[in-house]
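One structure is given here, and the rest of the page talks about it.
FYI, it's all coordinate maths here, none of it is from the lab. What you see is a predicted model, and the numbers here were worked out from it, not measured in a lab. Glycine also receives a Cβ, built like all others from the backbone with ideal geometry; neighbour counts cover every protein chain displayed.
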Amino acid sequence: MDKERVFVVVLGKDQKGIIARVATLCFDHGGNIEDVQQKVMDGTFVMTMLVDLSGEGCEPAVLRGALDELGAEMGLTVMVQNEAVIKAMHRV
């Protein structure tokens, strides 16, 4: 089975629990975090996760909706982009 991976990008005011809540949400929806980078830049939290959504029971659309809800609740911008789309955009 081919992997279906997405980049989850989170931006917003730094606050306690962002990583824990996003990671838990991904896990609860069947995603597997393969890589993560995060940094706080002048009070702004910036995180990029590479999440494998090819696990059994994982519904990408449902996860995207849950991430949107979490972003609204925490005052964060959450963007989800398919890895294949990113790679296709950068082919020469």
| query | Relative to a virtual label point 7 Å from the Cα of Asp35 in the Cα→beta-carbon direction, which members of region 48-68 show backbone nitrogen distances below 17 Å? | reply | 48-54
| remark: Asserting the computed 222 nm helical MRE of the chain (DSSP H runs at least 4 long, -39500 (n - 2.57) per run, divided by residue count, to nearest 500) equals -11000 deg cm²/dmol
| said: Output wanted: per-residue J couplings in Hz (rounded whole) for region 70-79, from phi through Karplus 6.51 cos²θ - 1.76 cosθ + 1.60, θ = phi - 60°, x for Gly and Pro. | reply: 4, x, 5, 5, 9, x, 10, 9, 10, 10
| request: Sort all Cα-Cα distances of region 20-92 into consecutive 10 angstrom bins from zero, then give the percent of pairs in each bin up to the one containing the longest distance. | output: 17, 49, 28, 5
| request: Quickly rank 75-82, 63-70 as a protection proxy: mean count of other C-beta atoms within 10 Å, highest first. | output: 63-70, 75-82
